[in-house]
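Asks: If you scroll down you'll find the structure; I have some questions about it.
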C-alpha cells in the first residue's frame, strides 16, 4: 500500500506537468507539429536533420503544402506525447497493483480502474486532436480530460494518505464546497473554449472590451460546439463578434467564480481545520485572476498564459482537497 500511495502522488505531480506541457504545446501553435499519431511524420521521434525534413516533406506532401515541417513544433508535440505516455504507464501499473491487492480493505480498486479508463480515452482524444485538425470541441474535451485525470489522481493520493475524520462543522460545508468546485469546473471549460477558439485577445483591453462595456457579440456562433470535419482550426475560424462572445463569457463567469469562492471562504475560515485550505483557495484564486488580467493587458505573454493553465489546475486541486477534507463518509 505504501508503494501504491507513493505512485499516486508521483502520478498526480506528473499529470500537473502534462497539463502545463499541453498548454505550452497549444500556445506555441505546435498542436499540429506532427500531422500523424502516435508517430511524427512516420518516425518514433521527430524530424531533426535536413534529410529527415526533406523525407517528411515528400512523404507527407498533402500536409506540407499548407504547413512546412517545423522541427521545433514537432519536438514540442512529441515531448508532450512522451511524458503523457509515461503518465499512462504509471496509471497502468497502479491499476495492476490495485487489482492484485484488491482483497485489502484499505486498497481502492474502482477509482484506479476508472482513472485507467479515462486515460485511455484521453489517448483517443489526443489522436483526434491531431487527425481532426485541432477541432475546438475535441481540444477542449482533451483539456477537460486532463484536468479530470489530475483531479482523480489527487483524490486517490489523498484517499490513500489521510485517515482523519472530518468534524461535523466541516462535513456540514460539503455541499457548499461542491458548489465552489462546480463553478471552477465551468470556468476551466470556458477557458479551454477561449483558448481553442483563439479568443484570448478578442478583447485587448480591461475592464472594457474594445473600448466598450458590452461590445458586439455573437454567442450563437461562438458557442456552436460541433462544426464541419476536415476544417483546419489552427488560428481559429470564427469572426470577431463570435470570439468576443466567448471571451466575454469567460470574463463574466470569472465574476461568478470570485463571488462564490469569496462567499465560500467566509464560511470555511470559521472552521479551524479548514482555515489553511481556505486561505490557500483564496490565494490561488487571487493569483489566477491577476494572471488572467495580465494575459489581456500584456498581450498574452507565453509564460504567463501557460501559468494561467497551471494555476487553474492547482485551483481545481485545491477544491478537490476541500471536498476530501469535508467528505461525509470515511472508509
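The values are calculated or read from the model by the stated rules, or taken from the named source; none is laboratory data. Computed from a predicted model, the values in this text were never measured in an experiment. Using ideal geometry, Cβ is built from the backbone for each residue, glycine included, and neighbour counts are taken over all protein chains shown.
Asks: Just need a number here: residues in the range 269-283 that are in a loop (DSSP other than H, G, I, E, B) and surrounded by 13 or more Cβ atoms within 10 Å (Cβ to Cβ).
Replies: Going residue by residue through the range 269-283, those that are in a loop (DSSP other than H, G, I, E, B) are 269-271.
Filter again for surrounded by 13 or more Cβ atoms within 10 Å (Cβ to Cβ), leaving 269, 271.
So the answer is 2.
Asks: So which residues in the range 210-237 are farther than 19 Å from residue 140 by Cβ and either in the same structural domain as residue 29 (by TED's automatic domain parsing) or touching a helix residue (DSSP H, G or I) at 6+ places or on another chain (Cβ under 6 Å) (or both), if there are any at all?
Replies: 215, 216, 217
Asks: Given the conditions (1) farther than 29 Å from residue 311 by Cα; (2) modelled with pLDDT of 95 or more; (3) not in a loop (DSSP other than H, G, I, E, B), which single one is not true for residue 63?
Replies: (2)
Asks: Give the range 145-204 a look and list any residue that's within 11 Å of the chain's Cα centre (by Cα) and outside the structural domain of residue 284 (by TED's automatic domain parsing), or say none.
Replies: Correct list: 145, 146, 147, 148, 149, 150, 151.
Asks: Residues that are closer than 17 Å to residue 122 by Cα and touching a residue at least 12 places away in the same chain (Cβ under 8 Å): does the range 37-60 have at least one? Working first, answer last.
Replies: First, pick out the residues of the range 37-60 that are closer than 17 Å to residue 122 by Cα: 37-39.
Now drop any that are not touching a residue at least 12 places away in the same chain (Cβ under 8 Å), which leaves 37-38.
Yes, there is a match, as at least one residue in the range 37-60 is closer than 17 Å to residue 122 by Cα and touching a residue at least 12 places away in the same chain (Cβ under 8 Å).
Asks: Can you list residue pairs whose Cβ atoms sit under 7 Å apart, with the first residue in the range 91-102 being farther than 15 Å from residue 2 by Cβ and the second being at pLDDT 95 or above and assigned to a loop (DSSP other than H, G, I, E, B)? Count only pairs 6 or more apart in sequence or on different chains.
Replies: Pairs that qualify, where the first residue is farther than 15 Å from residue 2 by Cβ and the partner is at pLDDT 95 or above and assigned to a loop (DSSP other than H, G, I, E, B), are 99/109; 102/109.
Asks: Next question. Between 42, 72, which is over 18 Å from the mean Cα position of the chain (by Cα), on the phi > 0 side of the Ramachandran plot and surrounded by fewer than 16 Cβ atoms within 10 Å (Cβ to Cβ)? Explain how you work it out, then say what you get.
Replies: Details: 72 fails: on the phi > 0 side of the Ramachandran plot.
Answer to the selection: 42.
Asks: Answer yes or no: is there a residue in the range 103-120 that is closer than 18 Å to residue 185 by Cα, touching a residue at least 60 places away in the same chain (Cβ under 8 Å), in a helix (DSSP H, G or I) and not assigned by TED's automatic domain parsing to the domain that holds residue 191.
Replies: no
Asks: Can you tell me which of 302, 315 is in contact (Cβ under 8 Å) with a residue 60 or more places away in the chain and surrounded by 18 or more Cβ atoms within 10 Å (Cβ to Cβ)? Break it down stepwise before answering.
Replies: Working: 302 fails: surrounded by 18 or more Cβ atoms within 10 Å (Cβ to Cβ).
Just a single option satisfies the conditions, and that option is 315.
Asks: Which pairs have Cβ atoms under 6 Å, sit 6 or more apart or on different chains, and link a residue in the range 181-194 that is at negative phi to one that is at pLDDT 95 or above and not in a helix (DSSP H, G or I)?
Replies: Hits for this filter: 194/200.
Asks: Count, please, the residues in the range 45-60 that happen to be surrounded by fewer than 13 Cβ atoms within 10 Å (Cβ to Cβ) and not in a helix (DSSP H, G or I). Walk me through how you get there before you give the answer.
Replies: Within the range 45-60, the subset surrounded by fewer than 13 Cβ atoms within 10 Å (Cβ to Cβ) is 48-51, 54, 58.
Narrowing the set further to residues that are not in a helix (DSSP H, G or I) leaves 48-49.
So the count comes out to 2.
Asks: Out of contact with any helix residue (DSSP H, G or I) (no Cβ under 6 Å at 6 or more places or on another chain) and within 21 Å of residue 19 (Cα to Cα), is that true of residue 133? Give the derivation first.
Replies: Numbers: out of contact with any helix residue (DSSP H, G or I) (no Cβ under 6 Å at 6 or more places or on another chain): yes; within 21 Å of residue 19 (Cα to Cα): yes.
Answer is yes for this residue.
Asks: Within the range 242-264, restricting attention to residues that are surrounded by fewer than 16 Cβ atoms within 10 Å (Cβ to Cβ) and more than 21 Å from the chain's Cα centre (by Cα), which residue is farthest from residue 202 (Cα to Cα)?
Replies: Start the filter on the range 242-264 by keeping residues that are surrounded by fewer than 16 Cβ atoms within 10 Å (Cβ to Cβ), which leaves 252, 255-256, 259, 262-263.
Still in the running and more than 21 Å from the chain's Cα centre (by Cα): 259, 262-263.
Numbers: 259: 24, 262: 28, 263: 30 Å.
Looking at residues that are surrounded by fewer than 16 Cβ atoms within 10 Å (Cβ to Cβ) and more than 21 Å from the chain's Cα centre (by Cα), I get 263.
Asks: Another question, then. Could you check the range 124-139 and list, in sequence order, the residues that are surrounded by 16 or more Cβ atoms within 10 Å (Cβ to Cβ) and either in a helix (DSSP H, G or I) or without any contact (Cβ under 8 Å) to a residue 40 or more places away in the chain (or both)?
Replies: Listed by number, the residues that qualify are 125, 126, 128, 129, 130, 136, 137, 138, 139.
Asks: Of the residues 22, 13, which is in the same structural domain as residue 102 (by TED's automatic domain parsing), out of contact with any helix residue (DSSP H, G or I) (no Cβ under 7 Å at 6 or more places or on another chain) and modelled with pLDDT of 95 or more? It would help to see each step written out before you state the result.
Replies: Numbers: 22 fails: out of contact with any helix residue (DSSP H, G or I) (no Cβ under 7 Å at 6 or more places or on another chain).
It is 13.
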